[in-house]
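A short worksheet on the structure shown next.
Readers should treat all values here as calculations from the given coordinates under stated rules, not as data from a laboratory. Model, not experiment: these values are computed from the prediction. Please note: Cβ atoms are built from the backbone with ideal geometry, for glycine as well, and neighbour counts cover all protein chains shown.
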């Protein structure tokens, strides 16, 4: 299953892709990364950096346009078979190697063992619907919490203003009474 992907440049794939280097790399920060350039990038295990386990099939973003996960396709031969699984952000890094001609080769390195990969969730319609619903609910709760915090801050500021104004008025009256002679 492939959802429509975004072909826009994401500034350092904010919050999702950490950049690394290879031992013999001519790595230089790119500044901006295109989702299109990351799609189909080879995926490797950090413990076996020469053994390709798959390729990036899709990039999943949240409401704030931050990368939350990658969909990795593994074991496919000529587009047949294989398994698509989910790798959450924080479990992978993006390594970019600049070649002599200026082209960039991207490799996704997974912080997992081959055995751990078996436990990664399979990307399916059911997983997609559940994850989308969970993310939407989390986004709405965050939004409601922010609105509630704003309202509480606003009400607190209004009370503080009223208290300050009342105290200033009392201070003014006390100062006036102190300098005004009694009749």
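Here are the numbers for this structure:
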| item | result |
| --- | --- |
| Taking the C-alpha atoms of the stretch 124-183, convex hull volume expressed per residue in Å³ | 37 |
| Relative exposure of 99, 73, judged by other C-beta atoms within 10 Å (fewest first) | 99, 73 |
| Burial ordering of 176, 83, fewest other beta-carbon atoms within 10 Å first | 176, 83 |
| All-pairs Cα distance distribution in the stretch 45-183, expressed in whole percent, bin size 10 Å | 9, 24, 20, 12, 9, 8, 7, 6, 3, 1, 0 |
